[in-house]
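The values are calculated or read from the model by the stated rules, or taken from the named source; none is laboratory data. These numbers were taken from a predicted model, which means no experiment stands behind them. FYI the Cβ positions are ideal-geometry reconstructions off the backbone, even for glycines, and counts take in every protein chain you see.
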Amino acid sequence: MKFDRLRELREDGDYSQQQIADYLHIHQTTYSGYESDRFSVPIPILGKLADFYNVSVDYLLGRTNNKLLHR
């Protein structure tokens, strides 16, 4: 599953892959693999990314176009 939204959110926030990888405590090449669909994104990482970008996991997965979290 390609995570186009990971790249879109990162670029919209003017973050580098290295900055996001540092936040996740992973190597930049691993993060790059998530964006390019070379590696599957583990569920805990999906949760951290959703928290970081303040979006739902469903948004990251492309299951909804609504970025906003309902709390």
### Message
Quick check on ILE20: is it among the aliphatic types (A, V, I, L, M), over 10 Å from the mean Cα position of the chain (by Cα) and at pLDDT 95 or above?
### Response
no
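Let's see how each residue does on (1) surrounded by 15 or more Cβ atoms within 10 Å (Cβ to Cβ); (2) at negative phi:
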| position | (1), (2) |
| --- | --- |
| ILE26 | yes, yes |
| ASP37 | no, no |
| VAL41 | yes, yes |
| LEU49 | yes, yes |
| ASN54 | no, no |
| LEU60 | yes, yes |
| ASN65 | no, yes |
### Task
Sort out which residues of the stretch 2-57 are of a type in the set (Phe, Trp, Tyr), part of a helix (DSSP H, G or I) and under 21 Å from LEU68 (Cβ atoms), and write them in order of number.
PHE52, TYR53
